[in-house]
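Data block below; observations after.
The values are calculated or read from the model by the stated rules, or taken from the named source; none is laboratory data. None of these values were measured; they are calculated from a predicted model. FYI the Cβ positions are ideal-geometry reconstructions off the backbone, even for glycines, and counts take in every protein chain you see. Heads up: the accessible areas ignore ligands, DNA and RNA and are worked out on the full protein's heavy atoms, side chains in. Shrake-Rupley method; radii C 1.70, N 1.55, O 1.52, S 1.80 Å.
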Amino acid sequence: MTLNPTPQPLTFPALTFAKLAPSSFLSAHLSNPSGPIRPSGRTATQTRTPTCNTGSLTHANGSAVVRCGDTAAVCGVRGEILKMGDIADYEARELDGGDDDGDDEEEEEEEVVVGEEMMEERRRKRRREDTDEMARLNLLVPNLELATGCSPAHLPGGPPSVLAQTLTQRVVTLLHTSDLIGMEPLRIWFRPAAEFSSATPGAMRMGGDMEEMEAREGEEEEIAKAEVKAFWVLYIDVLFISLDGNAFDAAWLAILAALKDTMLPRAWWDADREMVLCSDEPSEARGLDIRGVPVPLSFGVFEGDGQGKGERGMEKGMEKWVLVDVDGFEEGLCREEGTVVVGERGRLVKIEKNGGAGVGMREMRGLVGLAAKRREEWMAVLGMS
Amino acid sequence: MADTTLLPLHRADGSATYSKNGYSVVAAVNGPIEVQRRDELPEEAAVDVVLRPAAGVGGLRERHLESVVQHTLRHVILVSAHPRTLIQCTLQIVTGPEDDSVTCSLPQAASDLPVLPALLQASILALLSTSIPLSMTLTAAFVAVNSKDTLVLDPSVQQIKRASSIHLLAFSSRGDLLVVESEGDFTIDKWEEVHQKAKLICHGEEGDESESEDVSMKSDDISKLENVLKDAVERQIAKEQRWNQTIG
């Protein structure tokens, strides 16, 4: 019997190749003559289709589970009450409020003459003040957590990783700069007259538009002034179950869906008991005022492997691919990353990118177009189209 | 407008201060130094950025700024020239703008952009003073668009508060766009306008690719940011060569 060693051909399965030389692996895929195809089978400008499931957490005021490819995130929104008395600079703020009212009244008189432009200007000013107030009081508290085992790179037991902290910071800034959540539903009012005079205070408040409230405020001014006694603070927690690249987009979609799902119970200030009471009537609960729906599109720039290629090194600068919605494998190879956020009517809310020189003015315009397209897709997923 | 000093710290390998628009930042660079096993990269130098705020300890905002600066420096430094080492850049914000009443009690959500140009410029100057091989230098411009759609360069705190959008753009010495942080409410057309304006500020006149270097050498009168870098380095060299000239 003779040993008959079968000669091993020097070929690897694709997965081994990807592990040994990830950069060349991706480069080989992208320099496909019939157009760049990524290892996942997507084209360079193709995003992963998201799926979204809302209301799955029973103990949260709103929740959503979102999945984009192998990135899956759960978001829970919980409302808690922040009483005026617990705010350190309470008195200073009260004074501010009084001044503002004075301004508003003056403007109201002018408004009759000047008309719509003034209205618009005033609305914008109020929104800005609301956003400032929201930021100052920290009424939105997002937190991102990369769960143990969501990806091999995240070890259990440590403090929040730099990635988690950076993501949280980006979410906070986007929540505020995009002016996503209206302030009005977060205010808990004290209306002395309403409690007695109106037979159905719940109904009144539920239909309570800004204008209506103002009108009512005016009426009641002689009797007793309606005032804000507390705020809802929204704790927005995002937990990544699985992370395969593009954490920011998934987190943001989960947050959008959860906020849209959020119902806050009707709450009012009870003067006798000096505390905030909440109605447990589900029909009286109301949703948040979500406006704009900014949709992000994250991208990465892969600059080719450029190693050991001799003359090809020369054209390394030319060799670059802008990949949108990168997955975990590609994320490890993209030095340059960024996000564009598109809001209503194709207006931009945010552009950020760093780490390279691959995306200039021309590429950015293309990415904004893609983001606008993605917004439509997301609106359908969120059931808002 | 911008105030720079090279090598204000004597114990660090390289250091620089950069003051502009009310912000003052000290940067110190140490490197290449030995790297912890955990952070070691087999084919390139690890870049570590540490940011300290003017008051208190760092939080989420500082982590985010650190990561922006870190990603940028990783691209600017020729990291492959020093494999398995560490280049550490420590940034200390010394002062904020005068009108700090707003930013003093900083809510977590307050914008972190205004300080970023100073951080980037200070770190680049510190790297230059350390003589770490760089593939390029960078300059950063900060522009606000106010509600009347006009561009304001280096806006004050109040102008930022009233602005409809604020933009930070950093360009490499070759004129490539390196860093963008834009936020607010704007259109892509407006952003392109901001881009062109910022490029002009950072990089001077748009010239032919081949001629651009000669042009930038001559056009010293244009107060572009690149010249601030050049000035700082020139002054330092003159200072270091003073002994030579007096003897000669």
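Rounded to the nearest 10 square angstrom, A:Arg375 shows an accessible area of 30 square angstrom against a 1.4 Å probe. For the range B:134-184, the solvent-accessible area works out to 32 Å² per residue, with a probe of 1.4 Å and every protein chain left in place.
Summarising the strand pairing of chain B, around 85 percent of its internal DSSP beta bridges are antiparallel. When A:Trp268, B:Trp191 are compared by accessible area of protein heavy atoms, the largest-first order is A:Trp268, B:Trp191, using a 1.4 Å probe.
Under 12 Å from the Cβ of B:Pro83, count the other residues' Cβ atoms, weight Lys and Arg +1, Asp and Glu -1, and hand me the total. Overall, the nearby charge balance is -2.
Entry note, the range B:3-238: relative contact order of 19 percent, from Cα contacts under 8 Å with a spacing of 6+ residues. For the range B:8-85 and the range A:1-46, what is the separation of their Cα centres, given in Å? When both Cα centres are located, 37 Å separates them. Basic side chains Lys and Arg get +1 at the Cβ, acidic Asp and Glu get -1 at the Cβ, and with that the dipole of the range B:3-238 about its Cα centre reaches some 820 debye. For B:Ser123, B:Ser24, the ranking by accessible surface with the largest value first comes to B:Ser24, B:Ser123, using a 1.4 Å probe.
Net charge near A:Ser298: determine it from the other residues with C-beta under 9 Å of the C-beta of A:Ser298, scoring Lys and Arg +1 and Asp and Glu -1. Residues close to A:Ser298 contribute a combined charge of -3.
On the range B:3-238, 49 percent of the accessible area sits on carbon and sulfur atoms, based on a 1.4 Å probe.
With the helix formula -39500 (n - 2.57) applied to DSSP H stretches of n ≥ 4, chain B reaches a computed 222 nm mean residue ellipticity of -10500 deg cm²/dmol. Listed by chain and number, the lysines whose C-alpha is less than 18 Å from the C-alpha of A:Lys320, apart from same-chain residues fewer than 8 away, are A:Lys309, A:Lys353.
Set the bar at 23 Å for Cα to Cα. Now go through B:Lys20/B:Lys197; A:Lys350/B:Lys199; A:Lys350/B:Lys230 and name every pair that lies beyond it.
Pairs exceeding the cut-off: A:Lys350/B:Lys230.
Kirkwood radius and radius of gyration were both taken over the C-alpha atoms of the range B:3-238, and their ratio Rg/Rh is 0.96.
When accessible surface is computed with a 1.4 Å probe, chains B and A are found to bury approximately 3400 Å² between them, both chains counted.
So if R0 is 60 Å, what FRET efficiency would A:Ala44 and A:Ala88 give, r being the distance between their Cβ atoms, rounded to the nearest 0.05?
For R0 = 60 Å, the calculated efficiency reads 0.75.
Note on surface exposure: B:Phe186, A:Phe17 rank A:Phe17, B:Phe186 by accessible area, highest first, 1.4 Å probe. Largest GNM mean-square fluctuation among B:Pro133, B:Pro42, B:Pro97, using chain B with Cα springs under 10 Å: B:Pro42. For B:Tyr18, the solvent-accessible surface with a 1.4 Å probe is about 10 Å², rounded to the nearest 10.
Computed with every protein chain present, the accessible area of B:Ser80 is close to 80 Å² [probe 1.4 Å].
Here each label is just a point 7 Å from Cα along the line to Cβ, and for B:Gln159 and A:Ala28 those points are 5.4 nm apart.
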